[in-house]
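Single-structure report; data block below.
The values are calculated or read from the model by the stated rules, or taken from the named source; none is laboratory data. Model, not experiment: these values are computed from the prediction. Don't worry about glycine lacking a Cβ; one is built from the backbone with ideal geometry, like all the others, and counts go over all protein chains shown. Note: areas computed on protein heavy atoms with side chains; ligands, DNA, RNA excluded. Shrake-Rupley method; radii C 1.70, N 1.55, O 1.52, S 1.80 Å.
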Amino acid sequence: MKFRVLYVGRGPKWLDAAVGDYVRRMPELELVRIRDTPNRSCFDRMIRSAGSSVVVMLDRRGKQLTTKELADRYRQWNFGGNDVSFLVGDSEGFSESEIGQGEFVWSLSPLTYPYSIARLVVCEQLYRARSIVNGHPYHRYEDC
């Protein structure tokens with residue numbers, strides 16, 4: 001089972017290094033950069049890349065989760081055995097019709113993040129959820 005973060009664009013080198021740290025810690029986490037090309041929809045290429053995986057859209061209009069709720073979802077996704085693809089859009093975000101194609105729409109916050117920062121937050125939160133599920137001390141608080 002894989003957790004894939006599909007994203008558009010590049011971030012600064014320090015951010016790529018931070019994201020890379022979580023990828024090294026979490027072998028089931030994979031980053032897939034979708035090339036941003038004129039005249040072609042990034043969303044269509046993301047959906048094609050997601051294939052038959054569970055599609056989670058990142059959007060401020062989605063549901064906000066507590067750390068515990070994310071850990072519970074992580075456990076369900078892991079138990080289900082399907083790959084999960086997290087789609088982080090470009091600076092335009094996703095349209096209503098695109099959002100409707102996701103199986104879950106996750107909001108990191110009501111704030112608007114640059115897509116490169118959103119990618120980092122998704123990776124860190126997935127690692128944190130995995131740590132909780134596996135009883136790893138990375139997440140130190142019982143009440144989450």
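Observations
- The distance from the alpha carbon centre of region 109-128 to that of region 29-63 is 15 Å, rounded to a whole number.
- In the chain, helices alone account for a calculated mean residue ellipticity at 222 nm of -13000 deg cm²/dmol, with every DSSP H run of four or more residues adding -39,500 (n - 2.57).
- Annotation: D36 carries an accessible surface of approximately 100 Å², with a 1.4 Å probe and no ligand, DNA or RNA atoms counted.
- Highest mean packing comes first when the peptides 113-120, 10-17 are listed by Cβ atoms within 10 Å, giving 113-120, 10-17.
- Amide H within-cut-off set for F94, under 5 Å, with H built and near neighbours excluded: none
- Across R61, R130, R24, mean-square fluctuation computed from a Gaussian network of the chain (C-alpha pairs under 10 Å connected) peaks at R24.
- Rounded, prolate or oblate (a/c below 1.5 giving rounded, otherwise prolate when a/b exceeds b/c) for region 83-127 by Cα gyration tensor: oblate
- Percent of Cα pairs in the chain per distance bin of 5 Å, from zero to the largest separation: 2, 9, 20, 24, 22, 15, 5, 2, 0, 0.
- Between region 3-26 and region 70-90, the alpha-carbon center distance in angstrom: 17
- Cβ crowding within 10 Å averaged over residues, with 101-108, 82-89 ranked highest first: 82-89, 101-108
- The angle between the Cα long axis of helix 115-134 and the longest principal axis of the Cα atoms of the chain comes to about 30 degrees, rounded to the nearest 10.
- Against the chain, whose longest principal axis comes from its Cα atoms, helix 67-80 is set at around 80 degrees.
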